[in-house]
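Here is the structure we will look at.
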Amino acid sequence: MSQTSESKPIISCRVLTKSFDGKCVIDGLNLDVYRGETMVIMGGSGSGKSTTLRIMIGSLKPDAGSVHMFDKDICSINDDDLNDLRKRFGILFQSGALFQSMTIAENVALPLHEHTDLDPDIIEIAVKLKLELVGLREHANKYPAQISGGMKKRAGLARAMSLDPEILFYDEPSAGLDPVTSAEIDRLIIALSKQLKVTSVVVTHEMDSAFAIADRMAMLDKGRMLKVESREWFERLRDMPDDQISSLNPDELLIRQFLRGDAEGPITQRKAETNYEEDLFGFVVNDLPSAGTPSVEPTRNK
């Protein structure tokens, strides 16, 4: 999805900084998300992507910087205004975060009962519509314990959509799912973006999912934003022949290793410099595959 210089972002993060116990986890982060696009935020464990998501939804305040959403700085508005703003976006949590004592239909209906004055009959119809969108209408009366992990993710997504949000945030939507179910969730995200024209922000480290759903991608490493570019840019970097990588800068080499899942590169070199393996095992593991081919091949068709 291309953007013109006149395009105005629906979300704009500026110079975000966050530390915990003196350790900086977000370091001067800048990111714009435009209406109608799917932005994938990716990075390894500890890169700061989950912290970034928490700041973007207002559940965590940065030490410095701002997040403007719908032209309001969510880092400085009062709680009442922030709660009103939250009605305009939905969140799919990694676990689904369903209430175990409620049926799937009751989980989806909860935001409508809490935040609207709709007649119960209208709410019932709205719930059926949302469950139909995610393919769960026939399972409306089941409890979370009675459905699979993939179905829980879909139920959580139906609840996230209950108030017809303009933005959907996804926290590791493919985590813990088998490849087929993960692909189904990806197709659902794409379909909802097209059908409902919703803006999507997806936090993930699953590369198959990232390349399947993204319009643009953002790469984080140790709290730094290394690159924000189109999916096509990241695909070209991932697929670049080895004899051309001498032209890449250090950040691009790191991104390429992450995208390809190579066993050797800047990320593993950085880990080796900490002597972690020797401290853990008493020796350094040196029989890893060479970096000539990706250690993790894409499992889905492009």
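The values are calculated or read from the model by the stated rules, or taken from the named source; none is laboratory data. What you see is a predicted model; the values in this text were computed from it and never measured. Cβ: placed from backbone, ideal geometry, glycine included. Neighbour counts: every protein chain shown.
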Q.
What are the pairs with Cβ atoms under 6 angstrom where one residue, in segment 141-155, is under 11 Å from residue 107 (Cα atoms) and outside any helix (DSSP H, G or I) and the other, located anywhere, is modelled with pLDDT of 90 or more and of a type outside the set (D, E, K, R)? Sequence gap at least six, or different chains.
A. 141/103; 142/104; 143/103
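So, residue 53, is that one in contact (Cβ under 8 Å) with a residue 24 or more places away in the chain, assigned to a helix (DSSP H, G or I) and out of contact with any Pro (no Cβ under 6 Å at 6 or more places or on another chain) or not?
Working: in contact (Cβ under 8 Å) with a residue 24 or more places away in the chain: yes; assigned to a helix (DSSP H, G or I): yes; out of contact with any Pro (no Cβ under 6 Å at 6 or more places or on another chain): yes.
When the stated conditions are applied, residue 53 passes them.
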Q.
Residue pairs, Cβ under 8 Å, 6 or more apart or interchain, first in segment 245-260 and closer than 20 Å to residue 205 by Cβ, second among the β-branched types (Val, Ile, Thr) and outside any helix (DSSP H, G or I). List them.
A. 260/296
Q. Taking segment 166-225 on its own, how many of its residues are touching a Ser or Thr at 6+ places or on another chain (Cβ under 7 Å) and among the aromatic types (Phe, Trp, Tyr)?
A. 1
Q.
Is it the case, given these coordinates, that residue 193 is modelled with pLDDT under 90 and in contact with a strand residue (DSSP E or B) (Cβ under 7 Å, 6 or more places away or on another chain)?
A. yes
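From the list 215, 251, which residue is surrounded by 14 or more Cβ atoms within 10 Å (Cβ to Cβ), more than 17 Å from residue 40 (Cα to Cα) and among the charged types (D, E, K, R)?
Values: 215 fails: more than 17 Å from residue 40 (Cα to Cα).
Sole residue among the options that is surrounded by 14 or more Cβ atoms within 10 Å (Cβ to Cβ), more than 17 Å from residue 40 (Cα to Cα) and among the charged types (D, E, K, R): 251.
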**Q.** segment 72-108 - residue that is touching a Ser or Thr at 6+ places or on another chain (Cβ under 6 Å) and surrounded by 15 or more Cβ atoms within 10 Å (Cβ to Cβ) and, of those, farthest from residue 14 (Cα to Cα)
**A.** 108
Q) Can you name the condition, by its number, that residue 89 falls short on among (1) at pLDDT below 90; (2) touching a Pro at 6+ places or on another chain (Cβ under 6 Å)? A) (1)
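Quick grid of which residues meet (1) without any contact (Cβ under 8 Å) to a residue 24 or more places away in the chain; (2) of a type in the set (S, T, N, Q):
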site	(1), (2)
23	yes, no
37	no, no
40	no, no
58	no, no
74	yes, no
78	yes, yes
Q: Would you be able to tell me the number of residues in segment 56-71 that are in a loop (DSSP other than H, G, I, E, B) and crowded, with 18+ Cβ neighbours inside 10 Å?
A: 3
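For segment 18-47: of the residues being among the polar types (S, T, N, Q) and crowded, with 16+ Cβ neighbours inside 10 Å, which is farthest from residue 170 (Cα to Cα)?
Step one: of segment 18-47, the residues among the polar types (S, T, N, Q) are 19, 30, 38, 45, 47.
From what's left, crowded, with 16+ Cβ neighbours inside 10 Å: 38, 47.
On the way: 38: 10, 47: 17 Å.
Selected residue: 47.
I'd like the full set of residues that are of a type in the set (A, V, I, L, M, F, W, C), under 19 Å from residue 144 (Cα atoms) and modelled with pLDDT of 90 or more, limited to segment 158-185.
Correct list: 158, 160, 161.
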Q.
Just to be sure before I move on: is residue 200 buried (at least 18 other Cβ atoms within 10 Å of the Cβ), free of Cβ contacts under 8 Å to residues at least 40 places away in the same chain and under 30 Å from residue 16 (Cβ atoms) in the structure I sent?
A. no
Q) How many residues, within segment 74-104, are of a type in the set (A, V, I, L, M) and in a loop (DSSP other than H, G, I, E, B)? A) 5
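If we only count helices (runs of 4 or more DSSP H) wholly inside segment 197-280, which ones have 2 or more residues that are at pLDDT 90 or above and not hydroxyl-bearing (Ser, Thr, Tyr)? Break it down into steps so the answer makes sense when it comes.
On the way: elements: 207-213, 231-239, 250-260, 266-272.
In segment 197-280, the matching helices (runs of 4 or more DSSP H) lie at 207-213, 231-239, 250-260.
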Q | Residues of segment 156-181 that turn out to be in a loop (DSSP other than H, G, I, E, B), small (Gly, Ala, Ser) and buried (at least 19 other Cβ atoms within 10 Å of the Cβ), as a count | A | 2
